[in-house]
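**Student:** Handing you a structure now.
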Amino acid sequence: MSFLKEIQRRRTFGIISHPDAGKTTLTEKLLLFGGAIQEAGAVKSNKIKKGATSDFMEIERQRGISVATSVLAFEYNGIKINILDTPGHKDFAEDTFRTLTAVDSVIVVIDVAKGVEEQTEKLVEVCRMRNIPMIVFVNKMDREGKDAFDLLDEIEQKLGLTVVPLSFPIGMGYEFKGIYNIWEKNINLFSGDSRKDIEETIEISDLDSSELDKLVGEKAANTLREEIELVEGIYPVFDKEDYLNGKLQPVFFGSALNNFGVRELLDCFVEIAPKPRPKQSEERLVEPKEDKFTGFVFKIHANMDPNHRDRLAFVKIVSGKFERNKAYLHVRHNKKMKFSSPNAFFAEKKEIVDISYPGDIVGLHDTGNFKIGDTLSEGENINYKGIPSFSPEHFRYINNADPLKSKQLFKGIDQLMDEGVAQLFTLELNGRKVIGTVGALQYEVIQYRLEHEYGAKCTYENLNVYKACWIDPKNSKTEEYKEFVRVKQRFLAKDKQNQLVFLADSPFSLQMTQQKYPNIKLHFTSEF
Ligand code: G4P
């Protein structure tokens with residue numbers, strides 16, 4: 001197959017949701033359609049079960065599983081689909097944000113009873129900012145939930161989306177009879193436990209036909225007619241370009257658990273979802289069809305096997321072909337590297353591959369050369385952007401608990417930070433090291449991994465910080481800046497890239513500082 005055809009048949013996306021909305025179940029059903037797995041339950045969930053917060057080993061074990069499910073690839077009707085896994089647990093939200101830099105589109109799963117939940121709001125906001133095309137799947141229609149129109153309103157209001165229903169439920173919960181597929185203009189009836197092959201698809205070109213009354217009963221048929229009329233009256237007509245530009249979001253209804261409405265979603269997805277998209281680098285826009293390879297690291301996963309300390313760096317291929325054993329430029333280190341065993345990912349396994357194409361993800365074994373955001377190329381000095389750090393939520397001093405192992409401790413901290421586990425700040429005043437994290441869970445992860453992978457011990461000490469704000473060095477020559485640095489020295493630190501950061505201890509002090517030094521620009525992300 002030609003290079004261009006290989007690119008055009010790829011769809012790389014992520015499924016995002018609040019925990020428990022049904023992301024894992026939906027993923028599994030999609031894989032079943034692709035024939036990538038044979039039975040339900042084959043995909044191990046990498047989600048961290050409720051109540052696991054205190055059981056650290058369990059979390060690590062489950063994160064270990066997640067290496068295997070980081071990328072799930074399968075073929076459907078000649079299309080190569082790559083699903084990038086995104087952890088739902090909020091303590092790993094940064095992992096998800098970074099993964100979103102590697103997807104070309106997303107599917108948002110919403111629980112019909114719970115509606116729009118907190119984690120969904122945050123993730124959708126990130127997608128909206130980047131104009132990532134989104135399809136919404138309203139799940140659990142077999143349960144009693146919110147009225148479809150109310151829910152569509154809620155999605156528009158809370159998520160700031162412009163929705164267009166492409167399917168519509170016929171009843172819900174006990175009364176759930178099926179789905180009217182607006183996209184294909186046919187009806188799918190629900191028979192309780194429909195399986196992979198849904199045979200009940202019935203073509204209805206005219207909703208007014210009496211056939212409909214026979215199938216679902218007069219009452220349900222009339223309700224559906226009214227509802228579809230309303231849908232046509234209220235919502236815009238679906239426009240593929242608007243969807244691709246992030247201006248409009250199609251909505252499907254269904255029940256992942258019962259495999260209902262999933263085929264409709266998948267069929268529409270392969271038809272409308274974007275092929276690998278061009279990506280902006282600091283230097284220029286890079287097109288997938290360019291013949292020279294470029295790609296970037298969006299995720300690094302530690303090996304869970306203590307005997308093999310290497311890590312797996314996940315690289316999204318942006319342009320050109322990635323070939324095994326070919327020398328590529330590690331742009332940040334200005335160093336050529338070859339990879340003898342790049343991994344490609346499939347539904348249940350990973351395998352060494354010779355060639356990968358734009359849209360694909362390869363896993364490269366790494367002994368500490370990579371950090372998140374690194375770019376690889378065939379020689380061009382190119383740097384992909386768009387993986388900023390956000391201000392952490394928690395801050396603690398990290399202390400060395402074994403003076404003989406300080407070298408190991410520093411190496412460990414250095415590598416864990418490159419993996420993106422947490423952020424390191426070094427205080428200007430006394431050089432003390434502060435670890436900032438999104439969730440409290442990461443402190444346990446760091447402590448455990450320092451001990452087991454690097455032979456170093458650490459303790460923590462609480463530190464009262466409300467937010468880390470990156471300081472714009474633009475006005476650093478002014479008197480105001482100099483005074484700010486002198487007066488606030490106690491609150492200043494350097495991040496790992498040597499950028500100056502202000503650690504505000506309360507919303508009040510942040511506000512006062514901004515008032516007192518109006519020309520010092522404070523930013524809540526590391527890229528500005
Ligand atoms: P997540 O990855 O988004 O966190 O959600 P997951 O798929 O694990 O689904 C969360 C729970 O919701 C699971 O039940 C799952 O079986 C259920 N579920 C998913 N889709 C549907 C649906 O369409 N209808 C109904 N009624 N339930 C659905 P659980 O009891 O928490 O887990 P499990 O013990 O079944 O694995």
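Yes/no per residue for (1) surrounded by fewer than 22 Cβ atoms within 10 Å (Cβ to Cβ); (2) over 26 Å from Leu244 (Cβ atoms):
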{"position": "Asp150", "(1), (2)": "yes, yes"}
{"position": "Gly160", "(1), (2)": "yes, no"}
{"position": "Pro165", "(1), (2)": "no, no"}
{"position": "Phe168", "(1), (2)": "yes, no"}
{"position": "Asn186", "(1), (2)": "yes, no"}
{"position": "Leu189", "(1), (2)": "yes, yes"}
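**Student:** Quick check: is even one residue across region 376-396 among the hydrophobic types (A, V, I, L, M, F, W, C) and either farther than 16 Å from Phe298 by Cα or without any contact (Cβ under 8 Å) to a residue 40 or more places away in the chain (or both)?
**Tutor:** Checked against the condition, which is being among the hydrophobic types (A, V, I, L, M, F, W, C) and either farther than 16 Å from Phe298 by Cα or without any contact (Cβ under 8 Å) to a residue 40 or more places away in the chain (or both), region 376-396 yields at least one hit.
**Student:** When the residues of region 482-497 are filtered to those that are part of a loop (DSSP other than H, G, I, E, B) and touching a strand residue (DSSP E or B) at 6+ places or on another chain (Cβ under 9 Å), which remaining residue is nearest to Gly373 (Cα to Cα)?
**Tutor:** Lys496
A quick yes/no check of all residues on (1) modelled with pLDDT under 95; (2) part of a loop (DSSP other than H, G, I, E, B); (3) out of contact with any helix residue (DSSP H, G or I) (no Cβ under 9 Å at 6 or more places or on another chain); (4) surrounded by 22 or more Cβ atoms within 10 Å (Cβ to Cβ):
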position	(1), (2), (3), (4)
Lys275	no, yes, no, no
Lys292	no, yes, yes, no
Asn307	yes, yes, yes, no
Leu312	yes, no, no, no
Lys316	no, no, yes, yes
Leu329	no, no, yes, no
Arg332	yes, yes, yes, no
Lys336	no, no, yes, no
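**Student:** On the given criteria, is Lys247 under 34 Å from the mean Cα position of the chain (by Cα), under 26 Å from Phe314 (Cβ atoms) and modelled with pLDDT of 90 or more?
**Tutor:** Criteria not met by Lys247.
**Student:** Take the residues in region 264-273 that are of a type outside the set (A, V, I, L, M, F, W, C) and surrounded by fewer than 21 Cβ atoms within 10 Å (Cβ to Cβ), then tell me which one is farthest from the ligand (Cβ to nearest atom).
**Tutor:** If we filter region 264-273 for residues that are of a type outside the set (A, V, I, L, M, F, W, C), which is where we start, we get 264, 267, 271.
Still in the running and surrounded by fewer than 21 Cβ atoms within 10 Å (Cβ to Cβ): 267, 271.
Values: Asp267: 18, Glu271: 23 Å.
Once the filter is applied, the top-ranked residue is Glu271.
**Student:** If you don't mind, there's one more thing I want to ask. Taking the conditions exactly as written (out of contact with any helix residue (DSSP H, G or I) (no Cβ under 9 Å at 6 or more places or on another chain) and closer than 15 Å to Leu84 by Cβ), does Val286 satisfy them or not?
**Tutor:** no
**Student:** Also, quick follow-up: Within region 429-481, considering only strands (runs of 3 or more DSSP E) that don't extend past its boundaries, which have at least 3 residues that are surrounded by 19 or more Cβ atoms within 10 Å (Cβ to Cβ)?
**Tutor:** 433-437, 467-471
**Student:** Scanning region 240-262 for residues that are more than 23 Å from Pro274 (Cβ to Cβ) and out of contact with any strand residue (DSSP E or B) (no Cβ under 9 Å at 6 or more places or on another chain), which turns out nearest to the ligand (Cβ to nearest atom)?
**Tutor:** Asn258
**Student:** I would also like to ask the following. Assess whether Asp360 counts as being among the charged types (D, E, K, R) and either surrounded by fewer than 21 Cβ atoms within 10 Å (Cβ to Cβ) or at pLDDT 95 or above (or both).
**Tutor:** yes
**Student:** Also, quick follow-up: Restricted to region 2-34, and to residues that are at pLDDT 90 or above and among the aromatic types (Phe, Trp, Tyr), which residue is farthest from the ligand (Cβ to nearest atom)?
**Tutor:** Phe3
**Student:** Hey, among Lys140, Lys122, Lys49, Lys80, which residue is within 12 Å of the ligand (Cβ to nearest atom), surrounded by fewer than 21 Cβ atoms within 10 Å (Cβ to Cβ) and either at pLDDT below 90 or among the charged types (D, E, K, R) (or both)?
**Tutor:** Numbers: Lys140 fails: surrounded by fewer than 21 Cβ atoms within 10 Å (Cβ to Cβ); Lys122 fails: within 12 Å of the ligand (Cβ to nearest atom); Lys80 fails: within 12 Å of the ligand (Cβ to nearest atom).
Going through Lys140, Lys122, Lys49, Lys80 in turn, the sole match is Lys49.
**Student:** Tally time: how many residues in region 118-156 are in contact (Cβ under 8 Å) with a residue 60 or more places away in the chain and in a helix (DSSP H, G or I)?
**Tutor:** 11
**Student:** Would you pick out the residues in region 353-382 that are among the acidic types (Asp, Glu) and not in a strand (DSSP E or B)?
**Tutor:** Scanning region 353-382 gives Asp354, Asp360, Asp374, Glu378, Glu380.
**Student:** Just a yes or no: is a residue in region 508-521 assigned to a strand (DSSP E or B) and under 36 Å from the mean Cα position of the chain (by Cα)?
**Tutor:** no
The values are calculated or read from the model by the stated rules, or taken from the named source; none is laboratory data. Remember, predicted model here, so these are calculated numbers, not experimental data. Neighbour counts run over all protein chains shown; Cβ positions are idealised from the backbone, glycine included.
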